[in-house]
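One structure is given below, encoded as structure tokens.
The values are calculated or read from the model by the stated rules, or taken from the named source; none is laboratory data. Computed from a predicted model, the values in this text were never measured in an experiment. Neighbour counts are summed over all protein chains in view; Cβ atoms, including those assigned to glycine, are modelled from backbone coordinates with ideal geometry.
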Amino acid sequence: MSTMISHVSEHCELKPLPRPDRRLHNSRVQINQGILKSVTRLNYDTLQLVVKCDEGSPPISSRAGQYATLHTPDLTKARAYSFARAPENENPNEHTFFVRVVHGGEFSSWLAEKDRSGAPITISGPLGKFGLDASDRTMVCIAGGSGMSAIKALLESAANLKVKRDCIFLYGGRAQRDLYCSEEIAAIGKNWNKDYKFEFVQVLSDEPEDSNWAGARGFVTEYFKSTYLDSGKMSVNNCKAFFCGPPPMIDAGAEILKNAGMDERDIHFDKFEDARSPAPVIDNTKCVLCDECLMVKPTANCIVEVSRLIKTETSDFAGYERVDPAYTSGLYYNTLFIDSKACIRCYACVEACPAHAISPEHDKTPRTLRQTIS
Ligand SMILES: Cc1cc2nc3c(=O)[nH]c(=O)nc-3n(C[C@H](O)[C@H](O)[C@H](O)COP(=O)(O)OP(=O)(O)OC[C@H]3O[C@@H](n4cnc5c(N)ncnc54)[C@H](O)[C@@H]3O)c2cc1C
Ligand code: SF4
Ligand code: SF4
């Protein structure tokens, strides 16, 4: 945007406008610098990280169930991780996360490669809406893999609050080596409101038949269906579901509950989407300029205002020209664009958009109503 005004006297020196930092519109998120205080192994493929924010940093006031993004200068972009402890159980300005090591995963492999204690880290949060509701219905919690994190935080918080409700927590893994946090969950059970039940069941899908495992077997969601719903032990009318972990597990669990007659609004979940999930696309024709997606986006460059999309002979999309975020007019009519390379698949924008203008199911060809250049 030009700052030159032709009729101003040549003796009057024009100073540039102060540049507000509009890279991250998100006013609900605190961005702190800190270090990885410790990295410890929970099982063969899951690490526990404790991030310590720098002395004097403003607190990141999260609710149990929310997540933060972690970024280190060694890597290209941030990743999302759920807080693994209730905030009131943490040391001041420390945050605990569980990270499952993924083969070839940029962040998780970097963590597992060697002792990263002391490495600088940027933490941004709190993000996400997953959390405890105000109901007194039985909590049905189902987690798989590192989905233990958000459910454990939620249960710690519910136990601290002495909620007046029963709880059943089913944790699904393949084999005994996948199990972890058994003692912490037992401690939550001991801290649970004494007038209500707390049940913890570990369910293994691939444990060898002849092993010493005497516990539950099968896929965790199927086990829940046959043991609790089909048997009449539990009715969907008096429970609320809290699922956390890999998307296929959550989809399977939600399907079972919906088929049993549970209202979708009673199913709360935190899906750990990853780089394999599609990035959402904005349909600018539906956008009503409400700013909600910009208020919840977890990284500076995932949703950007573009002036032009660049085309080549061989590709419909070869990049974009970005409006300088320091000098944008704020009138982003027809210019919002999701950069799939910067998007971390948190789907916060999809949930936030009141106009249903953002979806991973929209046509993938990037598009604004502005002209495309070649
Ligand atoms: C809201 C939210 C909360 C999350 N919370 C957690 C959490 O608490 N703990 C946690 O461990 N993760 C969590 N995730 C997932 C996390 O953000 C990363 O996607 C994950 O850790 C992989 O990052 P990476 O850098 O190691 O792999 P990337 O470099 O992002 O991926 C590299 C490749 O690995 C493959 N890959 C990625 N993830 C998986 C996987 N799970 N299984 C198999 N292959 C995979 C893909 O092919 C991908 O192309 C969360 C995600 C979201 C959106
Ligand atoms: S899903 Fe939306 S809010 Fe989340 S990183 Fe991608 S563009 Fe940003
Ligand atoms: S949330 Fe939806 S309607 Fe609001 S600015 Fe973003 S795309 Fe537009």
Taking the stretch 166-200 and keeping residues surrounded by fewer than 20 Cβ atoms within 10 Å (Cβ to Cβ) and of a type in the set (D, E, K, R) leaves R174, R177, E183, E184, K190, K194, D195, K197, E199
Does V323 satisfy the criteria of being modelled with pLDDT of 85 or more, surrounded by 15 or more Cβ atoms within 10 Å (Cβ to Cβ) and among the aliphatic types (A, V, I, L, M)? no
Looking at the stretch 58-77, can you tell me whether even one residue there is within 16 Å of ligand 2 (Cβ to nearest atom), surrounded by fewer than 19 Cβ atoms within 10 Å (Cβ to Cβ) and aliphatic (A, V, I, L, M)? yes
Scan the stretch 337-360 and tell me whether some residue there is at pLDDT below 85, closer than 28 Å to S124 by Cα, surrounded by 17 or more Cβ atoms within 10 Å (Cβ to Cβ) and not assigned by TED's automatic domain parsing to the domain that holds R265. no
Can you find even one residue in the stretch 116-136 that is within 16 Å of ligand 1 (Cβ to nearest atom) and free of Cβ contacts under 8 Å to residues at least 60 places away in the same chain? no
Is there a residue being in contact with a Phe, Trp or Tyr (Cβ under 6 Å, 6 or more places away or on another chain), of a type in the set (V, I, T) and at pLDDT 95 or above anywhere in the stretch 135-151? yes
Could you check I303 against (1) modelled with pLDDT under 95; (2) assigned by TED's automatic domain parsing to the domain that holds V163; (3) of a type outside the set (D, E, K, R); (4) in contact with a helix residue (DSSP H, G or I) (Cβ under 6 Å, 6 or more places away or on another chain) and say which number it fails? (2)
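Listed here are the residues, each with its yes/no results for (1) within 16 Å of T138 (Cα to Cα); (2) crowded, with 19+ Cβ neighbours inside 10 Å; (3) touching a strand residue (DSSP E or B) at 6+ places or on another chain (Cβ under 6 Å).
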position: N212; (1), (2), (3): no, no, no
position: G215; (1), (2), (3): no, no, yes
position: V220; (1), (2), (3): no, yes, yes
position: F224; (1), (2), (3): yes, yes, yes
position: G232; (1), (2), (3): yes, no, no
position: V236; (1), (2), (3): yes, yes, no
position: F242; (1), (2), (3): yes, yes, yes
position: M249; (1), (2), (3): no, yes, yes
position: L257; (1), (2), (3): yes, yes, yes
Test Y171 against the stated conditions and say whether it is assigned to a helix (DSSP H, G or I) and touching a residue at least 24 places away in the same chain (Cβ under 8 Å). no
Given the criteria at negative phi and not assigned by TED's automatic domain parsing to the domain that holds A80, does A159 qualify? yes
Of the residues V288, V236, which is out of contact with any Cys (no Cβ under 7 Å at 6 or more places or on another chain) and not assigned by TED's automatic domain parsing to the domain that holds L155? V288
Need the failing condition index for V163 against (1) of a type outside the set (S, T, N, Q); (2) within 20 Å of P247 (Cβ to Cβ); (3) assigned to a loop (DSSP other than H, G, I, E, B), just the number. (2)
